[in-house]
Amino acid sequence: MPNRETRICTKKRAKKRFLWYNAIMDMKELTTRTAEDTVTISRAEYEALQAKNASLQEKLAANQEKLTAKCRELAAALLNNEWLMEQLKLSRKKLFGQSSEKLDEGVLEQLSLFFNEAEAIDAASYEPETKVKEHSRRRRSGSVSDVVPEDLPVERVDHALSEEERKCPVCGSEMEEIGTEVKRTLDITPPSYGVREDVYHIYACKACEKASDEAVIVKTPKEPDVFPGSFASPEAIAYIMTQKYVMYSPLYRLEQEMERAGIKLTRQTMSNWLMHASEDWLKPIYDELHRELVKRSVLHADETTLQVLKEDGKAAASKSYMWLYRTSGDAAHPIVLYDYQPNRKPENAKAFLDGFHGWLHADGYQGYHKLPEQIRVVGCWAHARRKFDEALNALPADKRGGSAASEGVAWCSRLFKIEEALSGLSPEERLRKRREQAKPVLDAMLSWAEKLKPVTAAKSAMGKALYYLTTQWPYLLRYLEDGRLEISNNRAERSIKPFVMGRKNWLFANTPAGAESSAVIYSLIETAKENGVDPYHYLLWVFREAPGAAASDQDWAKNYLPQSFTRSS
């Protein structure tokens, strides 16, 4: 029987043989695989495989390009869809929404922390004790005395009992009057039409005729006609002019109104009256007001479109423009002037403002920025706020609170609040307070806008608002240069609105001459309204008195400015 050492040696040899066997089998498998892997193919087969691989690579690249283009199309469609949704919401806002750009209370509450930041608002610079200009509201009641002026003529109608009715129903004696009851009502009579005959008597001296066979004849002096040889009266011209340019009634409606009363006055005749009255009697006053306007140091300007049908070198559907220039709030006697021009070129404003040195409030139209250096353009914060308001209204209602657009509106509203509190101060005091209180807000707002602009889509409503703010910033700051300047150009927008309202009714002008006449008429009417003068009575005064004054005074127009009119004129 083998001993223990013999058994150990036998096991080692068996293990060694097992390891050698596995090594040999591994070498055989490796040799077999190597042989299979190194099998050669023909060059034609190799090139076919390479071509097939290249074709697959081209198809893969083409598919990747198509996929990338599709992704770009989807992204563009998404952005375009957002832009379209913004435009739709803004259109609905303009049609059905309120025109005010003030933030609602909910949004203001959410932004309260935003405006408590130390770098945004210096709370110590605000003085709640600042006094504002006092005003009173007239009491409304059912009394006619509360709705009519004191100098309105009163027609008294007495209602008395007849002699038979005054007999006592008890004893039959005649009763005596012991008092009256007065009932006051408002009497409105529609326009009445009639013919006025001015009869000028002629006189002759019979004694001279008998003595010398020559009669001495004296005629009653005739009052100068507003139009020599025409049946137009000052009353008729003033009424038609007021109806069209104050009440926005087109001439064809006036023609229909008169025809119902039996008056066959055509719109062409009325148009001729208005144009001749404008050229003969209102244009000299307009020119005098123009000379006065450019002497002021603070003005406002704006412009709007007008369609003129028969204009040389232009299609009937092309745009012309009605420009507006007016005095600011510091003027004792406001002046509002319209100027018709066939285009929107800045040369029009340059020519009209020739001789003007000072500040001009305007919107963001670049044409104003090309004016001479002596005219410093002041930007309009109402336009800046309107851009942010549009961006705010383009957002869904649930995303407006805390949005960047609401912050933009809040910044602008903060500036307007400051101006409201300073409205009762003198220009010098207002300028000092404005620089103390508004300047820190402006600095913080600019920093906010510059940080937000790079991360905001340029074509979005918010992007446009930020672009307007940053590009107009030098002009928006200029209201800090003088206490007489205003934070917005709303004064000019309010003055141009009557023309816009009239345009909605009569739609267009027939000729450039008609547009120029309208500019003159609107100027005199709006200037009269700004000076607290009734347009009809002012125009009536001019048409009655100016023909006589012009016969003896070459500079008669200076005495017929709207501020010179009184009820006793």
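Read the figures in this text as sums done on the coordinates, not as results from a lab. Bear in mind the structure is a predicted one, so any value in this text is a computation, not a measurement. So basically every Cβ, Gly included, is an ideal-geometry build from the backbone, and we count neighbours across all protein chains shown.
In loop segments of the range 159-222 as defined by DSSP, the trypsin sites (Lys or Arg not before Pro) with at most 11 further C-beta atoms inside 10 Å of their C-beta are K183, R184, R196, K222. Computed from the Cα positions only, the extents of the range 341-490 along the three principal axes stand at 52, 41, 23 Å, in decreasing order. Each Cα pair under 8 Å and six or more residues apart adds its sequence gap; the mean of these over the residue count of the range 397-514 is a relative contact order of 26 percent. Note on Y252 and Y467: their simple-model spin labels are 4.1 nm apart, each label 7 Å out from Cα toward Cβ. Take every Cα pair under 8 Å whose residues are at least 6 apart in sequence, average their separation, divide by the length of the range 173-252, and the relative contact order is 15 percent.
Using the Karplus relation 6.51 cos²θ - 1.76 cosθ + 1.60 with θ = phi - 60°, the per-residue 3J(HN,Hα) values for the range 331-342 come to 7, 5, 10, x, 10, 10, 10, 9, 9, 7, 9, x Hz, with x marking Gly and Pro. Taking 21 Å as the limit for the C-alpha separation, the pairs K529/K558; K417/K464; K314/K497; K387/K453 exceed it in the case of K417/K464; K314/K497.
The mean sequence separation of alpha-carbon pairs under 8 Å and at least six residues apart, normalised by the residue count of the range 241-376, gives a relative contact order of 19 percent. Panel values: the range 465-528, Kirkwood radius from alpha carbon pairs, Stokes-Einstein at 4 °C and 1.567 mPa s, translational diffusion coefficient 88 µm²/s.
Out of every Cα-Cα pair that the range 188-300 contains, those further apart than 25 angstrom amount to 49 percent. Return the tail of the calculated pair distribution for the range 382-461, meaning the percent of Cα-Cα pairs more than 20 Å apart. Counting pairs separated by more than 20 Å, the tail of P(r) holds 41 percent. Its Cα gyration tensor gives the range 319-384 an equivalent ellipsoid, and the semi-axes of that ellipsoid, as √(5λ) in whole Å with the largest first, are 18, 15, 14. The trypsin sites (Lys or Arg not before Pro) of the range 412-467 meeting both criteria, a DSSP state outside H, G, I, E and B (loop) and at most 15 other C-beta atoms within 10 angstrom of the site's C-beta, are K459. Annotation for the range 506-569: chymotrypsin sites (Phe, Trp or Tyr not before Pro) lying in DSSP loop with at most 16 further Cβ atoms inside 10 Å of their Cβ are F508.
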